[in-house]
1. Mind listing whichever residues of region 29-53 are open to solvent by 50 Å² or more (accessible area, probe 1.4 Å) and more than 16 Å from the ligand (Cβ to nearest atom)?
2. Looking at Gln65, Gln110, can you tell me which residue is modelled with pLDDT of 95 or more, more than 12 Å from the ligand (Cβ to nearest atom) and either at negative phi or hydrophobic (A, V, I, L, M, F, W, C) (or both)?
3. Taking into account only those residues within region 168-219 that are within 11 Å of the ligand (Cβ to nearest atom) and hydroxyl-bearing (Ser, Thr, Tyr), which is nearest to Asp108 (Cα to Cα)?
4. Before we move on, is Ala123 away from the ligand (no atom under 12 Å from the Cβ), surrounded by fewer than 22 Cβ atoms within 10 Å (Cβ to Cβ) and without any contact (Cβ under 8 Å) to a residue 12 or more places away in the chain?
Amino acid sequence: MEVVIVPDAKAGGELVADAMAQLLRRKPDALLGVATGSTPLPVYQALAAQVCSGAVDTSRARVAQLDEYVGLPADHPESYRSVLRREVLEPLGIAPASFMGPDGTAEDVQAACDAYDRQLGEAGGVDLQLLGIGTDGHIGFNEPCSSLVSRTRIKTLTEQTRKDNARFFDGDVEQVPHHVITQGIGTILEARHLVLLATGAGKADAVAATVEGPVAAVCPASALQMHPHATVVVDEAAAAKLEHADYFRYTFAHKPDWQGI
Ligand code: F6R
């Protein structure tokens, strides 16, 4: 796993957007796996700026959703489908037909999850999956003790995650759904490149457990240690509890320019 320590969230966003832009130049119809929440916003903003300036062409890019609330209508402003339309598809000029995601309103939730896993496979798999991380170490919404080989399925959010997400629901935790559909950890690990972005002091414990702790279901993000191409991009605050921070800085500073992340 490569760990890149950047000065702040903006620099992290630019670094990850550059990696996405490089991928799209190499493979114009790449399938980008996208996360929601606050952390990835600087990535989408930086990539949108590159699209506006003509530095990258997203006209053939495809986008896959990581997770979705169960029971929120697709047109609810906080359904992740709506959020991604607002924050990713529209600013990047990607057509709705190039977007895929699980159906959070399906009557048969497990059938919807299985269908989504199949759809990802038939699309050739995710080329680059952007991940945030929960304060409890979740990726997607694989909460602590999720199976490390899990597939897309329904999960129950922890109370902490519901509290963390209440800010998107007028601060009212009661409005945050209890259940989500999330790509499983096994599903996520099938992406060709995993990029986990974490910013802010609130993520420092989870980042340390992910990078320097044991691979353990109690910290779902630690599964990234098992992936051949995983990059963890952290700002100084989120890196504060990494014992090997100096080594990570040294390694990145001495990386050949052509290599990218
Ligand atoms: C959302 C998702 C979650 C978030 C995580 C961090 O699609 O997959 O794992 O990435 O909860 O959220 P923020 O970035 O809001 O701190």
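1. Asp29, Ala49, Cys52, Ser53
2. Working: Gln65 fails: more than 12 Å from the ligand (Cβ to nearest atom).
Of Gln65, Gln110, the one residue that is modelled with pLDDT of 95 or more, more than 12 Å from the ligand (Cβ to nearest atom) and either at negative phi or hydrophobic (A, V, I, L, M, F, W, C) (or both) is Gln110.
3. The extreme case among them is Thr182.
4. Working: away from the ligand (no atom under 12 Å from the Cβ): yes; surrounded by fewer than 22 Cβ atoms within 10 Å (Cβ to Cβ): yes; without any contact (Cβ under 8 Å) to a residue 12 or more places away in the chain: no.
Taking the combined requirement at face value, the residue does not satisfy it.
The values are calculated or read from the model by the stated rules, or taken from the named source; none is laboratory data. As the structure is a computational prediction, the values presented were derived from the model and not from experiment. Heads up, the Cβs are rebuilt from the backbone with ideal geometry, glycines too, and the neighbour counts pull from every protein chain shown. For accessibility, only protein heavy atoms count, side chains too; no ligands or nucleic acids. Shrake-Rupley method; radii C 1.70, N 1.55, O 1.52, S 1.80 Å.
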